[in-house]
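I have placed the structure first, in the form of structure tokens, so that the comments after it can refer back to it.
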Ligand code: ADP
Ligand code: MG
């Protein structure tokens with residue numbers, strides 16, 4: 001979805017005030033009555049002015065009018081919340097210009113943005129619920145089964161963005177290889193741009209002399225270390241691992257990859273922790289065996305000195321809180337899902353269901369669609385053996401389609 005910012009420049013501070021009024025009203029009202037919008041639009045002096053703003057906002061599809069039996073009211077649209085988020089990012093000097101979309105995740109749109117120093121960053125707009133409507137048949141069953149029909153996806157998108165920001169902040173502070181987060185507002189997260197490409201585009205013959213042994217080892221060590229700190233990623237796969245374009249060959253400690261996409265991570269004390277951990281391990285293993293034709297060796301040394309793990313095919317973290325191997329309780333700090341069995345979740349069922357969907361079934365639905373559409377089912381096709389298709393210089397770029405030259409300045413939108 002293109003981020004449509006063209007009308008931002010025509011909106012007055014009063015229009016934004018009314019838009020914020022609708023946003024505030026949405027916290028407790030599915031449909032915000034006009035009388036409430038009057039009260040919440042604090043800057044507005046007259047009802048006439050508010051009515052004019054409401055009608056302008058509706059024309060631009062930032063809010064939408066809905067009639068129901070009892071009263072008419074307005075709802076914020078995704079475009080409306082996009083505008084509010086962008087305005088906050090601009091006001092805080094987090095972004096200055098915005099480029100075209102360059103990555104589409106399962107439930108997010110990813111844009112390149114830059115700040116006023118010209119530094120490029122990434123803006124991730126969470127759009128939960130989107131996959132639920134893509135494949136109608138599958139999702140009708142899916143929605144029914146999970147009882148998510150009347151869900152407030154916009155609210156859940158905000159929660160997911162906030163969670164992802166917290167996870168990235170703490171993990172980054174603790175030295176994990178994750179993007180540095182800069183700011184979050186509503187459903188929008190701004191973070192460091194990784195100079196790399198998703199591991200799904202990695203091919204054996206294109207790895208420029210780097211070692212698959214080392215990559216496999218480091219990837220496994222990463223999730224063991226994460227688990228020792230109390231967390232399990234739950235969507236650890238080739239889509240969420242970015243391979244860096246440039247690494248320092250002389251530095252053996254350099255990992256060469258960055259792990260992204262965290263909102264669905266859980267505590268190691270979660271009741272399904274072991275299941276998710278093994279699934280994460282298996283995703284990586286499967287990718288290495290099938291796509292990279294790499295057979296993990298029984299004697300592969302990817303365990304740390306403490307001998308953590310079974311020493312063979314995959315590592316094992318310890319699934320209990322009170323063990324010496326635990327180095328940190330990041331799950332507790334982050335209130336990650338499942339960290340406290342007595343109070344399993346502080347979160348509402350809706351939030352927990354949405355997060356379960358992100359780490360569970362839906363991930364599989366979407367992944368299998370993607371695989372069917374642009375990959376071979378058996379991982380055996382020429383795509384992975386034909387050098388001409390994957391020339392070493394562009395194997396990294398299938399998600400990057402737009403040049404920076406096409407960046408559209410949105411700062412002007414607010415200075416009019
Ligand atoms: P989703 O939760 O929807 O799966 P992701 O966070 O996995 O979203 O992002 C989707 C895609 O966008 C990734 O596969 C990657 O190609 C790209 N991407 C996301 N974050 C970054 C980043 N910080 N730097 C570079 N590319 C990124
Ligand atoms: Mg992802």
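Taken together, the values in this text are just the output of simple stated rules run on the coordinates, not laboratory data. Since the model is a prediction, treat every value here as computed from it, not as a measurement. Reconstructed Cβ throughout: ideal geometry from the backbone, glycine too, with neighbour counts over all protein chains shown.
Principal axis extents of the Cα atoms in region 4-131, from largest to smallest and rounded to whole angstrom, are 47, 34, 23.
Rounded to the nearest 0.05, the FRET efficiency derived from the C-beta distance between residue 286 and residue 52 at R0 = 45 Å is 0.20.
Note on region 47-112: Rg/Rh from Cα positions, Kirkwood definition for Rh, rounded to two decimals, is 1.09. For the listed peptides 224-234, 185-195, 90-100, a ranking on the average number of other beta carbons within 10 Å per residue, highest first, reads 224-234, 185-195, 90-100. Principal axis analysis of the Cα atoms in region 6-76 yields extents of 35, 25, 21 Å, listed in decreasing size.
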